[in-house]
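Undergrad: The structure under discussion is supplied below as structure tokens; questions concerning it will follow.
The values are calculated or read from the model by the stated rules, or taken from the named source; none is laboratory data. Please read these numbers as outputs of a predicted model, since none were measured by experiment. Here the Cβ positions follow ideal geometry from the backbone for every residue, glycine too, while neighbour counts run over all protein chains shown. Ligands, DNA and RNA are stripped out before the accessible areas are found, and what is left, the full protein with its side chains, is counted by its heavy atoms. Shrake-Rupley method; radii C 1.70, N 1.55, O 1.52, S 1.80 Å.
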Amino acid sequence: AVRRACVLTDSVFHKLVKNETLTKDDKSPVTVGDFSAQALINTIITRAFPDDPIVGEEDASDLRVESGITLRNRIVELANEALTAELKQGDDPAWGIGPGATQTAEQIMDVIDRGNYGGGPKGRMWTLDPIDGTKGFLRGEQYAVCLSLIVDSRVELGVIGCPNLPIDPSNPSLGKGSIFYAVRGQGAWQVPLTEPFSSSPKRLTIPAFTNETLNLLESVEKAHAKLSFNDRVAELLGITRPPTRMDSQAKYCSLARGDGGVYLRMPTGVGYKEKIWDHAPGSVLVEEAGGVITDSRGEPLNFGLGRTLGENFGVVAAGKAVHSRVLEAVQKAKEEEALAAQNAKI
Ligand SMILES: Nc1ncnc2c1ncn2[C@@H]1O[C@H](COP(=O)(O)OS(=O)(=O)O)[C@@H](OP(=O)(O)O)[C@H]1O
Ligand SMILES: [Mg+2]
Ligand SMILES: [Mg+2]
Ligand SMILES: [Mg+2]
């Protein structure tokens, strides 16, 4: 499902035109690529696991109204193109894909809305972010197709497709595009997007870092994380390398294979609640690569609270040894901030 969606989003990027993007109520962008990829993946999940609910980022309400007709028609066309593409190794026509698997506009809208599940502490559920880092996608930079399976609040499987991420940053000739995946208890792995079954998966482990090699992985968008706080934490840790900024859960993939040493994402203070689909796949990937992921207090992320992670205490992910040092530096930076706020009041 993730591979097919990556082929879809990559082709959408190359033919995307200006009026194929909507601005959602929260002012964030969503493109025909996000909607059609959600239709595609939800179709496959629904056929393979008919009883499983899906917590998906997008919903079709803006497409069901008069003003959404042009966008809807385009999404139906793109989703059907992706659904009916020829079967590849590992594909099963019982999943509603392959030549002839066309759906009506109504079916496409309904399958997008299979992502409307509210989440919660008990049972099986999938999370889907059809394009994570939509702003990165629009810039032609990093984005990711992100899927996870949660059972009784615990992430058991995470799959992250990164069409624009170098396969090996130290060897650019290998090109771009990988799928990263982890099954709890079975390790973290990377396979090339184009040949996921024919090449042997590469096992990922977070390497050891020194102060000289350590660096932060952080958001591109200033509205998504408090980057000035990150700078102070880096200073307290004695980090000399500049941070690596990239959109989407490609940050978790980069951490899992050691391209960067710490993923730090602190709230900007506007009351935004992090969504479970933005962290569930990445969290199991990092844990299976030998890392630790918590909020800034050191508490585990709770994927059983609904569609969000609840009150936002940020996210800290790193290798085991580094993680405890980062938590200490984060606490120190928070104390400094509180003190400065108090002094400003006086
Ligand atoms: N205010 C605020 N604070 C924190 N996070 C927010 C905020 N607004 C949006 N979002 C979510 O950020 C997701 C992408 O963020 P990333 O850090 O992964 O990439 S980016 O560099 O910031 O674009 C992005 O995911 P996508 O919508 O899938 O792109 C959002 O879910
Ligand atoms: Mg979005
Ligand atoms: Mg996202
Ligand atoms: Mg998204």
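Undergrad: Identify, by number, the condition in (1) open to solvent by less than 20 Å² (accessible area, probe 1.4 Å); (2) within 16 Å of ligand 2 (Cβ to nearest atom) that E141 doesn't meet.
TA: For E141, the exception is condition (1).
Undergrad: Which of the residues spanning region 170-218 are in a loop (DSSP other than H, G, I, E, B) and acidic (D, E)?
TA: Step one: filter region 170-218 for residues in a loop (DSSP other than H, G, I, E, B), giving 170-171, 175, 184-187, 193-201, 205-215.
Matches in region 170-218: E195, E212.
Residue by residue, here is whether (1) open to solvent by 80 Å² or more (accessible area, probe 1.4 Å); (2) in contact with a Phe, Trp or Tyr (Cβ under 8 Å, 6 or more places away or on another chain); (3) on the phi > 0 side of the Ramachandran plot; (4) outside the structural domain of H279 (by TED's automatic domain parsing) holds:
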| site | (1), (2), (3), (4) |
| --- | --- |
| T294 | no, no, no, no |
| R297 | yes, yes, no, no |
| F303 | no, no, no, no |
| L309 | no, yes, no, no |
| V315 | no, yes, no, no |
| L327 | no, no, no, no |
| E336 | no, no, no, no |
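Undergrad: Continuing with the same structure: Taking G119, is it within 16 Å of ligand 1 (Cβ to nearest atom) and open to solvent by 10 Å² or more (accessible area, probe 1.4 Å)? Please lay out each step first, then the result.
TA: On the way: within 16 Å of ligand 1 (Cβ to nearest atom): yes; open to solvent by 10 Å² or more (accessible area, probe 1.4 Å): yes.
Against the criterion (within 16 Å of ligand 1 (Cβ to nearest atom) and open to solvent by 10 Å² or more (accessible area, probe 1.4 Å)), G119 qualifies.
Undergrad: May I ask you to list the residues in region 47-65 that are closer than 19 Å to A280 by Cβ and in contact with a helix residue (DSSP H, G or I) (Cβ under 9 Å, 6 or more places away or on another chain)?
TA: In the first step, residues of region 47-65 are kept if they are closer than 19 Å to A280 by Cβ; the result is 48-49, 52-59.
Across region 47-65, the qualifying residues are A48, D52, P53, I54, V55, G56, E57, E58, D59.
Undergrad: Quickly run through region 265-290 and pick out the residues that are under 25 Å from G187 (Cβ atoms), open to solvent by 10 Å² or more (accessible area, probe 1.4 Å) and either of a type in the set (G, A, S) or more than 15 Å from ligand 3 (Cβ to nearest atom) (or both). Break it down stepwise before answering.
TA: So in region 265-290, the residues under 25 Å from G187 (Cβ atoms) come out as 265, 276-290.
Restricting the remaining residues to those that are open to solvent by 10 Å² or more (accessible area, probe 1.4 Å) gives 265, 277-278, 287-288, 290.
Matches in region 265-290: E287, E288, G290.
Undergrad: If a residue has to be more than 20 Å from T23 (Cα to Cα), of a type in the set (G, A, S) and in a loop (DSSP other than H, G, I, E, B) to count, how many in region 108-151 make the cut?
TA: 4
Undergrad: Name the pairs whose Cβ atoms lie under 6 Å apart, with the first residue in region 54-73 and under 16 Å from L40 (Cα atoms), the second within 16 Å of ligand 3 (Cβ to nearest atom) and open to solvent by 50 Å² or more (accessible area, probe 1.4 Å), and 6 or more positions between them or separate chains?
TA: V55/R307
Undergrad: Of everything in region 238-263, what is open to solvent by less than 10 Å² (accessible area, probe 1.4 Å) and away from ligand 1 (no atom under 11 Å from the Cβ)? Give them in sequence order.
TA: The answer is C253, S254, L255, A256, G260, G261, V262.
Undergrad: Separate question: Select from region 24-62 the residues that are within 24 Å of P163 (Cβ to Cβ), modelled with pLDDT under 95 and over 18 Å from the mean Cα position of the chain (by Cα) and list them in ascending order.
TA: Residue satisfying the conditions is K24 alone.
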